[in-house]
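Take a look at the structure below.
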Amino acid sequence: MSHSLLFVKDAPAMIPSIIDLWQRQEQRQRKIDPRLHPERSVIDLEDRVQHGLEDGAVILGPSGRVRGYVHPGIWPLPETSLLHAFLTSRNGITQALVLPDPQDDDAHDVAEMSLLALATFWRVKQTTGELIRWPSHDRWLEPLLLLHGFALDSVCALRREPLLNELQSSSSFTVRYAHPEDEEALVALFEEELTFHERYTPFVRKSPIVLRAFRAKLARIWEEKSIVEGAPSVLVADAAGIVIGMAENTLVEIGNTDEPGFTPPGHYGCLDNVCVTSSSRGQGVGCRLVQASFEMWAEMRRLLTLDGYLLWYNPDNPSATRFWSRCGFKPLWTTYQRLHAPSVK
């Protein structure tokens, strides 16, 4: 089956067809998972396509019918970003990836051409790695992504209701808020967590930049910034004066146009990081930290409205997958990442 590639800026008349295909994709994906972002209006999608005219591309069927649409982008990380622990310095992203129904005869061919169009754009822009995000329960695209060199990176999981008094844990330690004297212990714990995750994924890496960024994040707490002002709220598990675990929480606001566009707009309590020292694992420390985090969010609900709770975990880490499923977090969307080998000069 023959398909062709056309830049959107040369075909503005095709915008209504792109919008129709996009709406049908969102309808299909929401049937699979109703928790996804509500289907967007024609006006919203038209605005998104208009903004993609410069770099977007359309995949046409043999009869000239629109069968796919991609809008690639670039996400360079600031030098001081904590995300250097998980991403490369210059990342290719998809601001839109619109494909036909997977039951259609040409769905695989259209997806193949879409990925090639993205790769061409990213190669010209000299990215150091690429990300593709896709709804977790719409699994048909995953085998093709793996064939194109992408690998499972992380899962964004959602829980709508608070988790209160549902987890069993030990009483051999106490949970309290972090204070400045804990900083070295927290940094050591964060570094241990990164080292642990390096076993499971090539996308996690520790570095002096990352550790400095983590210290800068903690500094916002010591400056007495609130979670509403962008500071994290860090709870620690304290066993006779020794920090054996921590839970880092932040407030996340998702807008209607935030990428990748699968999470419904709203305010979410986010469990950024829950980690426990290796010698204390299996003793209920993580469960108690999660429970305490939700107790903290319950207090905050008196001051702000939360639309749910989010976290990201590594799906290749079997203990994380089991633990967060036990806590009632269900995958919403998945990130696939592809790294580039360093060029030899």
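Before moving on, here are some points about what is shown:
- Filter result (open to solvent by 50 Å² or more (accessible area, probe 1.4 Å) and closer than 28 Å to ARG30 by Cβ) within the stretch 291-320: ARG301, THR305, ASP307, TRP312, ASP316
- Every residue from the stretch 17-29 that is over 12 Å from TRP333 (Cα atoms) and either touching an Asp or Glu at 6+ places or on another chain (Cβ under 8 Å) or open to solvent by less than 40 Å² (accessible area, probe 1.4 Å) (or both): ILE18, ILE19, LEU21, TRP22, GLN23, ARG24, GLN25, GLU26, GLN27, ARG28
- Residue match in the stretch 219-235 (condition: open to solvent by 20 Å² or more (accessible area, probe 1.4 Å) and closer than 19 Å to PHE323 by Cα): no
- Whichever residue in the stretch 150-189 is of a type in the set (Phe, Trp, Tyr) and modelled with pLDDT of 95 or more and, among such residues, is nearest to LEU310 (Cα to Cα): TYR177
- Filtering the stretch 214-257 to residues that are within 20 Å of TYR313 (Cβ to Cβ) and not in a strand (DSSP E or B) leaves PHE214, LYS217, PRO232.
- Residues of the stretch 258-302 satisfying the condition of being touching a residue at least 12 places away in the same chain (Cβ under 8 Å), in a loop (DSSP other than H, G, I, E, B) and over 22 Å from ASN165 (Cβ atoms): GLU259, PRO260, GLY261, PHE262, THR263, PRO264, PRO265, THR277
- The set of residues in the stretch 108-134 that are outside any helix (DSSP H, G or I), of a type in the set (S, T, N, Q) and touching a strand residue (DSSP E or B) at 6+ places or on another chain (Cβ under 6 Å) comprises THR127, THR128.
- In the stretch 135-143, the count of residues that are more than 23 Å from GLY308 (Cβ to Cβ), in contact with an Asp or Glu (Cβ under 8 Å, 6 or more places away or on another chain), in a helix (DSSP H, G or I) and not aromatic (Phe, Trp, Tyr) is zero.
- Screening LEU116, LEU144, LEU152, LEU131 for residues that are under 30 Å from GLY52 (Cβ atoms) and open to solvent by 70 Å² or more (accessible area, probe 1.4 Å) leaves exactly one candidate, LEU116.
- With respect to the conditions (1) open to solvent by 60 Å² or more (accessible area, probe 1.4 Å); (2) on the phi > 0 side of the Ramachandran plot; (3) in contact with a Ser or Thr (Cβ under 7 Å, 6 or more places away or on another chain), ARG288 lacks only one, and its number is (2).
- Residue check, HIS51 modelled with pLDDT under 90, closer than 27 Å to VAL124 by Cβ and either more than 28 Å from the chain's Cα centre (by Cα) or of a type in the set (A, V, I, L, M, F, W, C) (or both): no
- Test: residue in the stretch 90-103 that is within 24 Å of ASP272 (Cβ to Cβ) and in contact with a Ser or Thr (Cβ under 7 Å, 6 or more places away or on another chain): yes
- Residue list for the stretch 251-273, filter: within 19 Å of ARG220 (Cβ to Cβ) and either open to solvent by 20 Å² or more (accessible area, probe 1.4 Å) or at pLDDT below 90 (or both): LEU251, VAL252, GLU253, HIS267, ASP272, ASN273
- Scope the stretch 30-48; condition more than 16 Å from HIS137 (Cβ to Cβ) and either more than 21 Å from the chain's Cα centre (by Cα) or small (Gly, Ala, Ser) (or both); matching residues: SER41, VAL42, ILE43, ASP44, LEU45, GLU46, ASP47
- You will find that of LEU339, LEU303, the residue that is modelled with pLDDT under 90 and not charged (D, E, K, R) is LEU303 and no other.
- For GLU193, the conditions (1) open to solvent by less than 30 Å² (accessible area, probe 1.4 Å); (2) touching a strand residue (DSSP E or B) at 6+ places or on another chain (Cβ under 7 Å); (3) modelled with pLDDT under 95; (4) in a loop (DSSP other than H, G, I, E, B) are fulfilled apart from (4).
- Only one entry in ASP101, ASP55 is in a loop (DSSP other than H, G, I, E, B) and either within 26 Å of LEU152 (Cβ to Cβ) or open to solvent by 60 Å² or more (accessible area, probe 1.4 Å) (or both), namely ASP101.
- Any hit, the stretch 327-344, residues being more than 27 Å from ARG30 (Cβ to Cβ), in a helix (DSSP H, G or I) and either of a type in the set (Gly, Ala, Ser) or open to solvent by 50 Å² or more (accessible area, probe 1.4 Å) (or both): no
The values are calculated or read from the model by the stated rules, or taken from the named source; none is laboratory data. A quick note: this is a predicted structure, and the numbers were derived from the prediction, not measured. Note that each Cβ is placed from the backbone with ideal geometry, even for glycine, and that neighbours are counted across all protein chains shown. Only protein heavy atoms, including side chains, enter the accessible area calculation; ligands, DNA and RNA are left aside. Shrake-Rupley method; radii C 1.70, N 1.55, O 1.52, S 1.80 Å.
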